[in-house]
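Accompanying notes for the structure given below.
The values are calculated or read from the model by the stated rules, or taken from the named source; none is laboratory data. Just so it is clear, the structure is predicted and the values come from calculations on it, not from any experiment. Positions of Cβ are generated from backbone atoms using ideal geometry, with glycine treated the same way; all protein chains shown enter the neighbour counts.
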Amino acid sequence: MWKPIHLVPPNTRIDFMRWHRFTFALAVIMTLASVGLLFVKGLNFGIDFAGGILMEVRAPQQPDLADLRGRLGGLGFGEVALQTFGDPNTVLIRLPQQEGGEGAQQTAIAKVRAQLGSGWDYRRTETVGPKVGSELVKNAVIAVTLAMAGIFVYVWIRYAWQFGMNALLAMIHDVVTTIGLFSLFGLQFDLATVAAVLTVAGYSVNDKVVVFDRIRFEMRRYKTMPMSDVVNLSVNETLSRTTVTAGLTFISVLALYLFGGAVLHGFALALMWGIFIGTYSSICIAAAGLLNLRHSRIRGDGEGAKEAGKGATRGA
């Protein structure tokens, strides 16, 4: 007879809350270290935020990107970023913002055209000034802040303010450490990365809602059980779901990182880190944080009271 495969045995009872002070302190250290990196090292902003020149060109035949990068790099415009776009013959050329205003940008574009030659098809040329870049930075911060505030309100209304507060702290940890990862390794931070950060926040709260649902159910079921035991029981009962969901999502994003091309590396890397750190924060911040806040037990409805009675009968 076929038996289901369990990545996590059904009766697993790991005492997560035994180390909750250590894991919570580790989360605080990672968050503070990420903030420190942002102040000391900053972010490697892409053209979207820092300003610069973007050219979409198509070659008559598949170009050698290494040779092309060397030719354009010799023009003295700073670091030149190249990537294929759509098909192997189409290339996106990104140049940093040139000093000297709009005239300097047009001069740079003319020199790139001269270096490539007349056989290329120049499909699109865009320049992003520093003012536009600063506006995008402000809008990105507003977008992330509003998303997190909305999630906080949703969790607060659905559960209780203690749940909402811990979910917010966990999301701040996830978002800040994701941005800190980009600062630490000097990875390009652009609008695609902002999209990844918002995705990380959404994915993170999804896992936390599952854990919170189980905690609320067990609080109704075992009204006199110590809170640490309730949280441990709930986390263990959702561990199989968390492992399968996080594992499969990680494999999908890993494939995106390996085969999606350079344009998706930053996006995929942020998601991979977000999957890992989001799972960590669900247990070590969102769930464990309930132990550190005063709260009144959630009253059970008819079903919860019935389950509580059954549990008391079994205990007797």
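Structure values in brief
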read-out: Which numbered condition Phe22 misses (of (1) surrounded by fewer than 19 Cβ atoms within 10 Å (Cβ to Cβ); (2) under 20 Å from Gly186 (Cβ atoms); (3) among the hydrophobic types (A, V, I, L, M, F, W, C)); value: (2)
read-out: Per-region count, segment 44-74, residues in contact (Cβ under 8 Å) with a residue 40 or more places away in the chain and among the charged types (D, E, K, R); value: 4
read-out: Checking Gln83 against (1) over 25 Å from the mean Cα position of the chain (by Cα); (2) under 20 Å from Glu56 (Cβ atoms), the condition it does not meet; value: (1)
read-out: Scan of segment 165-186 for residues that are under 11 Å from Trp273 (Cα atoms) and surrounded by fewer than 20 Cβ atoms within 10 Å (Cβ to Cβ), ordered by number; value: Leu181
read-out: Checking Ser134 against (1) in a helix (DSSP H, G or I); (2) surrounded by 15 or more Cβ atoms within 10 Å (Cβ to Cβ), the condition it does not meet; value: (2)
read-out: Single residue of Thr178, Thr224 found to be at negative phi and either outside the structural domain of Phe39 (by TED's automatic domain parsing) or at pLDDT 85 or above (or both); value: Thr178
read-out: Test for Phe77: is it in contact (Cβ under 8 Å) with a residue 40 or more places away in the chain and surrounded by 13 or more Cβ atoms within 10 Å (Cβ to Cβ); value: no
read-out: Given (1) at pLDDT below 80; (2) touching a Leu at 6+ places or on another chain (Cβ under 7 Å); (3) over 19 Å from Leu187 (Cα atoms), index of the condition Gln83 fails; value: (3)
read-out: Residue ID - modelled with the highest pLDDT, chosen from residues in segment 262-296 that are in a loop (DSSP other than H, G, I, E, B) and surrounded by 13 or more Cβ atoms within 10 Å (Cβ to Cβ); value: Leu293
read-out: In segment 187-234, residue surrounded by the fewest Cβ atoms within 10 Å (Cβ to Cβ) [restricted to those that are touching a Ser or Thr at 6+ places or on another chain (Cβ under 8 Å) and of a type in the set (Val, Ile, Thr)]; value: Val210
read-out: Residue check, Ile47 of a type in the set (A, V, I, L, M, F, W, C), at pLDDT 80 or above, buried (at least 16 other Cβ atoms within 10 Å of the Cβ) and in contact with a strand residue (DSSP E or B) (Cβ under 9 Å, 6 or more places away or on another chain); value: no
